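Below: one structure, written as structure tokens.
Bear in mind these aren't lab numbers, they're just calculated from the coordinates by the rules spelled out. From a predicted model like this one, the values you see are computed outputs, not experimental measurements. All Cβ positions, even for glycine, are placed from backbone atoms using ideal geometry, and neighbour counts span all protein chains on display.
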Amino acid sequence: MKVGLVGFAGSGKTTVFNTMTGLHVPVGFGGEVRLGTVRVPDERIDRLSRLFTPKKTTYAEISFCDVPGEHGAEKKGLSTKSLQQIRDQEALCLVLRDFDNPAVEGAPDPLADLEAFHTECVFADLEIIERRLARAQKEKAPPQEVAMFERMKGVLEDAQPLRSVPTADLDRGQLKNYVFLTDRPLLVALNTDESRAAAPMPEALAARIAALHAAGLVLSASVEAEIAGLPPDEQKAFLEDLGVTESALARFIRAAYGLLDLISFFTVGEDEVRAWTIRRGMNARQAAGRIHSDLERGFIRAEVIPYAVFIQYGSEHAVKEAGKFQVEGKDYVVVDGDIMHVRFNV
């Protein structure tokens, strides 16, 4: 999963990047895109790895991209360059400033910043749609396509994000050549000062985030970045002093997985124990394609053991003896924690 950290200058976006990745990149240098990858902690992978003692253990990963913010008092909006960098991301995390920053004029106003970002994204999407509709008129495009773009235009003119349109009402398969910012999953991170690190999201902001079909979390990046740099056994005590029970990264991962409706299935063996991330509702054949396109193309069947069942019996042989071994076809809907072996023929 590729997540773009976005926000206006002075929001603490790069500090959030350091918090999530454990890196120590300097703050306040605009123009440079920074990348960092973290593994997704999963106790199930840890346990499976202990049981199989494989040559390699591979966790799911999240890649963070620190997209440069806009600088200068006259640049509250987003430039063409920034918009393109944002479009390159699979999901967006908007960092909102909720702390005093001497380098930024004015008191923090996270709700206003959220509205400004949303408005910029709406205008950017409308521009794409209006250009396409103008071309469609000249090219005599299929009426179904024109109707779809007109529908999206109406949603945006009502100041609603495209992500608010249900899948049943918008065939996103026909939009693969387009990148709409308001259709990207959005997680809003309220970056506050240390004294409010454990405080809930303000009601008005939480309501607006929900109305935009987004998710939110609160963190104090400046202090949590320092904690993230400590040895793991020391982090817990410092987090408790803040009044939080989990690291910012753990909270982010949980929120992101919930927002994107992601689950993990596992492949196991002596060579490798590995987690694979898919969208909830994917069938066995589609999940096989995450491993390799050949497995999807030549799919025959999936041999499945739910994680809890495997742990209960301790081995594949014991699972089979207990009659709990599942042989599933291509339409089987993969469940979070499934241990899966794909049989295929190409």
Would any residue of segment 102-134 have its amide N under 16 Å from a label point 7 Å out along Cα→Cβ of residue 206? List them or say none.
111
On full extension of the chain, what length is gained from residue 346 through residue 111, given 0.36 nm per residue of separation minus the C-alpha to C-alpha distance?
79.2 nm
Dividing the alpha-carbon Rg of segment 116-202 by 2.2 N^0.38 Å yields what?
1.39
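How far, in nm, would the chain grow between residue 194 and residue 56 when pulled straight, counting 0.36 nm per residue and subtracting the alpha carbon separation? Kindly include the intermediate steps, with their values, before the conclusion.
Working: separation 138, 0.36 × 138 = 49.68 nm, distance 3.91 nm.
Contour length minus the Cα-Cα distance gives 45.8 nm.
Suppose the chain between residue 150 and residue 246 were pulled fully straight at 0.36 nm per residue; how much longer would it get relative to their current alpha carbon spacing?
Residue separation times 0.36 nm, minus the Cα-Cα distance, leaves 30.1 nm.
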Within straight cross-link reach of residue 140, meaning Cα distance under 28 Å, which lysines are found once same-chain residues fewer than 8 apart are removed?
153, 176
Using Rg/Rh (Cα atoms, Kirkwood Rh) as the read-out, say which of (1) 1.01; (2) 1.11; (3) 0.96 was calculated from these coordinates.
(1)
Could you work out the relative contact order of segment 281-344? I mean the mean sequence separation of Cα pairs under 8 Å and 6+ apart, divided by the number of residues, in percent.
50
Summing -39500 (n - 2.57) over the DSSP H runs of n ≥ 4 in the chain and dividing by its residue number, what mean residue ellipticity at 222 nm do you reach, to the nearest 500 deg cm²/dmol?
-12000 deg cm²/dmol
Computed from every Cα-Cα pair in segment 281-344, P(r) in 5 Å bins starting at 0 and rounded to whole percents is 4, 20, 29, 21, 15, 10, 1
For segment 185-308, what are the per-bin percents of Cα-Cα distances with bins 10 Å wide, up to the bin holding the maximum?
11, 30, 25, 22, 11, 1
Quick one: if the Förster radius is 35 Å, what FRET efficiency do residue 336 and residue 25 give, using the C-beta to C-beta distance and rounding to 0.05?
0.55
